[in-house]
Amino acid sequence: MAKIDDTYENENICIKFCGGCPSYPGIKGEMLFCARGKSSSPRQKSGCNCGLCDIWDKYDLTGFYYCIEGEAK
Amino acid sequence: MPRDIPVGNDDLLITFDQDYCLRDIYYPCVGKENHTDGHKFRFGVWVDGRFDWVSREWNLSLEYAHESLITHVTAFNENLDISLHCNDMVDYRENVYIKRIFLKNLSDMERDARLFFHHDFHILESPTGDTAYYDPEEKAIIHYKGNRYFLISGIRNGAQGIDRYATGIKEFHGMEGTWKDAEDGRLEGNPISQGSVDSTLSFSVKVASRGERTIYYWICVGDNYAEVSRLNKLLMGHGIEYFIKRTENYWRAWVNKESLNLSPLPEAIVDLYKKSLLILRTNIDSGGAIIAGNDSDVQHFARDTYSYMWPRDGALVAYALDMAGYHGITRGFFDFCQNLISKGKESVGYFLHKYNPDGSLGSSWHPWISNGDNRLPIQEDGTGLVLWALWFHFDKFRDLEFIVKLHDGIIIRCGDFLASYRDAETGLPLPSYDLWEEKWGIHTFTVSAVYAGLKAAENFSNFFGDTKRSRIYRRASEDVKMAMSKYLYSNQHKRFLKTIIPLKTGSFDVDPTIDASIYAPFYFGVFEPDDEMVVNTMNAIKAELWVKTGIGGIARYTGDSYHKVEDDIKKVPGNPWFICTLWLAQWYIAMAKDTEELKDALTILEWVASRALPSGVLAEQVHPATNQPLSVSPLTWSHAAFVATVLEYMNKLEKISVCPTCGGPVHQYRRQLYGKD
C-alpha cells in the first residue's frame, strides 16, 4: 500500500465521498483522513463511504472509518 | 381475528376472516392501500322470508381447492335449510376478484333465494370522499375515489346484472350502512351516495326442490373507469369459467413446477408445503417486496400492521423460495433491495427497520438518539441476511447477468458495511436492535447473520476475483467468529447468550434470558451443528422453552409478553411460535447421520401441520391452551420456515439414504431433466 498523497487532487476526490458520508465529522478544514489522520472531533460509526472512494482503490487501501480510526497504515 | 384463505396476484390481494367476510383489498401493491381499512364486507342469504349473514355460526369450512389459489368454502345453515359451496379467486393476470357460489336448496320445495353482498369500502384507507353509485351501462355498482375504481357485478340466471341494490351513508350520525337494509330481504335502491358510503347488492334466484343454482359475483379493480369497464367486458366476453379455469390451472402448474418427489413425507406435510408456497406467493408484490403479513386486524393490538417488507423476513422467505426453485420471484426481491440501498441513508450499505411495498421507508419505533447520543437505529441482521440469501440464490442458479447488476449496489456496499461496522477492540458488530425489534445490544442472532453476510460477500469476491475484498471480508468474519466464542458464549450458562450490552467501562451487561434465536450460530454457519457450544445451546432451548401444555411448541423466550395469555412461565415460557419450533427441527436435520435421527425433525414438521388452520394458514404464534392462531395470520416467515425445513429434511434424507449396491441416493427428490434417463 502506497502512502496517500496529501494533494489538492486527492482532496477533491475525497470530498465527493466523505462529504456525503453519515460518519463525516463536518469540521471545517478536515478531510482526507486516510492521509492526515483522524478527525479532531470524530462522530460515531454510522456507515462509511471509504470503500467506494477512488482513493481507496488508487492506493490499495483496506480499512474504513479513517476519520475515526486514523490514517491508513 | 386472523386472516384466512388469502387469494391474489402480484397487484391485488383479497383476504377473509374466520366468518368468511372479505376483510382486506390491497391494490395496487400487495400490502399497500388497503381499500377496506379492515372493515367487513358481509355476505348474506335470504330464503323465503328468513335472512342470515354467513358467519362461523354456520357450519363453515374455509379451505383451498387442491393445489391451487382458489378457495373451497362450504357453508351450511340448518335454519335456512340451504348450503353454499363457494370458490373465491383473483385472476392470475387481471385484477379481478371472482366468487362462484353454488347455492343448494336442501328442502323439498321450490324456494326463492336472494344473495346479498355488502361493500364497506374505505378507499385509500379513509371513508372520506368516497362515491358509490349504480352504473346502468355496466350493470354494476361502482365505488371510486381519485384514481381507484372498484366495479362490482355478477351473473344470475345466466345473465349479467344485479337484481337490487342500495347505496348509502355509514359511520355518520349513527348510520350503520346499507347492510342493515338488506336484513328484510329488500334493498331500497338509492342510486348514488357520496362521502362515507357503503353499498349492498343482491341476486335473486329460484331454486328447485333439492336443486342447485350457480351465481357469479366479481369486483374489477383499476385506476380509472376505462380499466374497470374493460375488465367487466373481458369477463363477459370470455365467460367467467374461462378465468376460473385458467387461474386454477396456473397455480396448480406453479406449485408443482419443480415436480419434487416428496413421497417419503406424510401427506399432511406435503400438503402444507404446497399450501405454504401458494400462501407465500399471495404476500409478494410485483415490485419485489416480500411482505411479512397482511392482516389488518393486528393494528388493533399494535397500532400498526405487518404489511411491510422487513429485510430479515424478506431474506428468509427469499431463501426458502430459492430452495424451492422460485428464482423468478426472488430476483424481484433482490432488485427491490438494490433500489433501497441505492439511495438515502441506506447508500452506505445497511437497511433500515422496514419498508412499504412501494419501497418507501416504513414506520418505525427505533429512536435515532438515546441518552443524548446519536444512534443508528438498524437491525443489522437484516443486512447480513439479505447478503446471505443473495449468495445462496447465486450459488444455486448462477445467473451471472442478474447478479452483476447487484454487485456494486448490494454486495460491495453491504459487505463493506458489515466488515467495518464493528468495534475495533472486540471485533464484534456494533450494537443494533435484535430480530424481535425490542432490545438494543449485541445479539447472538445478529452476530451470526453478520457472519453469514460476510461469508457471502467473501464468496462473491472470490467468484469475481476481487482478492482484496475477499481478504477484508474473510478477516472480518474470522474476527466475528472469534469474538462470538469469547463474548457471546457463556460457560456459566452453558449456552450462547441472547444479548450483551456494551458499557462505557468496556465491559458488558449480560441478558441471561434464554431465547430461541440463539439457535442461529449453527444455521448461519458460524459453528458446526455438533459443536459443543451449539449442542449445549440447543439442549437448553429444548429444555427451557418447550411449552408444557397439550399444545407444545417452542416459545420465543422466557417471559415473552407479546400476546401473552398465560402467567405461569414455568409451564408456558411464552406462546409457541412456528418459526422457533422449526428451528429445533432444522438443528435435528443438521445433526442427523441416519434416517432414525431424522425422525425428531419429522415429528416437528407434523406438529406444525397439525397446528395450521384447515386452509394451511400459519399464524405467527398459537394459543398455548387452545391452539387458536395469535398475532398476525398468515405470517410469511412461518410459511418460509416450514418450506425451508421440509427441503432441508429432503436434502438430508437424500444425502444419508444411500443405496448399498450402486451408492446412489435412495430418495432422489429433485426433478430429473426431460430426456434424461
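Assorted remarks:
- A DSSP coil position with no more than 15 other Cβ atoms inside 10 Å describes the following trypsin sites (Lys or Arg not before Pro) in region A:19-72: A:Lys28.
- Folded to 0 to 90 degrees: helix A:8-18 orientation relative to chain A principal axis, Cα: 50 degrees
- Altogether, the Stokes-Einstein calculation at 37 °C and 0.692 mPa s, with the Kirkwood radius of the protein assembly as shown over Cα pairs as Rh, returns a diffusion coefficient of 117 µm²/s.
- Dipole of region B:611-677, positive end: most advanced residue of B:His667, B:Pro614, B:Ala640 [Cβ charges, Cα centre]: B:His667
- Listing B:Thr214, B:Thr626, B:Thr36, B:Thr426 from fewest to most neighbouring C-beta atoms within 10 Å gives B:Thr626, B:Thr214, B:Thr426, B:Thr36.
- Proximal aspartates and glutamates relative to B:Lys180, as straight alpha-carbon distance under 15 Å, when same-chain residues fewer than 8 apart are discounted: B:Asp52, B:Asp120, B:Glu171, B:Glu188, B:Asp198
- Overall form of region B:495-598 per C-alpha gyration tensor (a/c, 1.5; a/b vs b/c): oblate
- Take the Cα radius of gyration of chain A and divide it by 2.2 N^0.38 Å, N being the number of residues; the result is 0.95.
- In terms of other Cβ atoms within 10 Å, B:Val658, B:Val534, B:Val450 run from fewest to most in the order B:Val658, B:Val534, B:Val450.
- Positive end of the dipole of chain B (Cβ unit charges, origin at the Cα centre): among B:Pro529, B:His66, B:Leu488, the Cα lying farthest that way belongs to B:Pro529.
- About its Cα centre, chain A has a charge dipole of approximately 320 debye under the convention of +1 per Lys or Arg Cβ and -1 per Asp or Glu Cβ, with nothing else charged.
- Alpha-carbon gyration tensor eigenvalues x 5, square-rooted, for chain B, Å: 47, 27, 25
- Cα gyration tensor shape for region B:548-594, rounded if a/c is under 1.5, else prolate or oblate: prolate
- Here's the list of aspartates and glutamates a cross-link from B:Lys396 could span, going by alpha-carbon distance under 13 Å and ignoring same-chain residues fewer than 8 apart: B:Asp322.
- In summary, the aspartates and glutamates within cross-link reach of B:Lys245, defined as a Cα separation below 19 angstrom excluding same-chain residues under 8 places away, comprise B:Asp10, B:Glu63, B:Glu67, B:Asp88, B:Asp91, B:Glu94.
- Region B:565-614: trypsin sites (Lys or Arg not before Pro) falling in loop per DSSP and having at most 16 other Cβ within 10 Å: B:Lys570, B:Lys571, B:Lys593
- Given B:Lys32/B:Lys343; B:Lys40/B:Lys439; B:Lys468/B:Lys655; B:Lys257/B:Lys455; A:Lys45/B:Lys486; B:Lys439/B:Lys570, the pairs whose alpha carbons are separated by over 29 Å: B:Lys40/B:Lys439; B:Lys468/B:Lys655; B:Lys257/B:Lys455
- Across every direction, the projection of the convex hull enclosing the Cα atoms of region B:308-400 has a mean area of 6.2 nm².
- Bins of 10 Å from zero: percent of alpha-carbon pairs in region B:619-677: 20, 27, 23, 18, 11, 1
- Treating r as the C-beta distance of B:Ser657 and B:Lys257 and R0 as 30 Å, the FRET efficiency rounds to 0.75.
- Positive-end residue, the protein assembly as shown charge dipole about Cα centroid, Cβ charges, pick of B:Met236, B:Ile82, B:Val447: B:Val447
- Relative to the Cα centre, the charge distribution of region B:550-600, modelled as +1 at Lys and Arg Cβ and -1 at Asp and Glu Cβ, gives a dipole magnitude of about 120 debye.
- Listed by Cβ neighbour count within 10 Å, with the fewest neighbours leading, B:His119, B:His563 appear as B:His563, B:His119.
- The stretch between B:Trp440 and B:Thr467 holds 6.3 nm of extra length on full extension. This uses 0.36 nm per residue minus the Cα-Cα distance.
- Rounded, prolate or oblate (a/c below 1.5 giving rounded, otherwise prolate when a/b exceeds b/c) for region B:138-190 by Cα gyration tensor: oblate
- In a DSSP loop and with at most 12 other Cβ atoms within 10 Å, the trypsin sites (Lys or Arg not before Pro) in region B:387-447 are B:Arg398.
- Take the Cβ atoms of B:Met175 and B:Met109, set R0 to 41 Å, and the FRET efficiency comes out at 0.65.
- Rounded to the nearest 20, the Cβ-based charge dipole of the protein assembly as shown about its Cα centre (Lys and Arg +1, Asp and Glu -1) stands at 1020 debye.
- Gyration tensor (Cα) of region B:1-117, equivalent ellipsoid semi-axes in angstrom: 27, 14, 12
- Degrees separating the helix B:578-591 axis from the principal Cα axis of chain B, which is the longest one: 40 degrees
Throughout, read-outs are computed from the coordinates displayed, never taken from laboratory work. Keep in mind the model is a prediction, meaning the values are calculated, not measured. Note that we place each Cβ from the backbone using ideal geometry, even for glycine, and neighbour counts take in every protein chain shown.
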